[in-house]
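The values are calculated or read from the model by the stated rules, or taken from the named source; none is laboratory data. All values derive from a computational prediction rather than experimental measurement. Counting neighbours? That spans all protein chains shown, and the Cβs are built from the backbone with ideal geometry, glycine included.
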Amino acid sequence: MSEETLISTFTRQRNRFLRMVMRFLPSADDADDVLQEAFCRLWPRADRLEGEQMTEAVAVTTVKHLCIDEVRRRGRLEEVEFDPERDTRSTRSPQEEMERRERFEEVERLIESELSAVQRQILRLRDYDGMEMEEIAARLGMNAANVRVNLSRARKRIRDVYRERRTEHER
């Protein structure tokens, strides 16, 4: 593949990587440092990464290992005060925040009404909990290929219905 694939994968998955790092290192600055270090370590190998799926898998592994290294270097996990607003702070205006919340709630309703129970569970485990395909497959007693197919179909269904309803609403 190329550097473009690495850049697009990191850009698309940045929030997921950030959530993963924040479980180990609660400081946003430390989390950014780990992500930058992971990207820098992968950059020289970008031409050897074959496809987005492999790039994503190698990036996840690299980020996790860097987190573990950092925790070992520090000797233990940092203790921080619980801050329920840390992950919800936003630079959006109240109007933008309200619109974002309404879109989220609309998508939640679509997930409940348009997907099968298995698709809902897979979607939540992957997108909300950040679980890997293999973890989901093991938890649900499925093979990873079936999980990928169900996830793809679920996302497509939600995307199609959401767009359809948005088009109808704009008329």
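Taken over the stretch 1-37, the criterion of being under 27 Å from Leu125 (Cβ atoms), among the aliphatic types (A, V, I, L, M) and surrounded by 15 or more Cβ atoms within 10 Å (Cβ to Cβ) is satisfied by Leu6, Leu18, Met20, Val21, Met22, Leu25, Ala31, Val34, Leu35.
When Met133 is tested against the conditions (1) surrounded by 13 or more Cβ atoms within 10 Å (Cβ to Cβ); (2) of a type outside the set (Val, Ile, Thr); (3) at pLDDT 90 or above, the lone failure is (3). Number of residues in the stretch 37-68 that are assigned to a helix (DSSP H, G or I) and over 17 Å from the mean Cα position of the chain (by Cα): the value is 14.
When the stretch 115-157 is filtered for residues that are among the aliphatic types (A, V, I, L, M) and over 17 Å from the mean Cα position of the chain (by Cα), the ones remaining, listed by number, are Leu115, Ala117, Val118, Ala137, Ala138, Leu140, Met142, Ala144, Ala145, Val149.
Out of the residues in the stretch 43-66 that are farther than 14 Å from Met20 by Cα and of a type in the set (A, V, I, L, M), which is surrounded by the fewest Cβ atoms within 10 Å (Cβ to Cβ)?
So in the stretch 43-66, the residues farther than 14 Å from Met20 by Cα come out as 43-55, 58.
With the extra rule that they be of a type in the set (A, V, I, L, M), the set shrinks to 46, 49, 54, 58.
Working: Ala46: 18, Leu49: 21, Met54: 14, Val58: 20.
Among those residues, the one meeting the criterion is Met54.
Within the stretch 91-123, the residues that satisfy the criterion of being at pLDDT 85 or above and among the basic types (Lys, Arg) are Arg109, Arg120.
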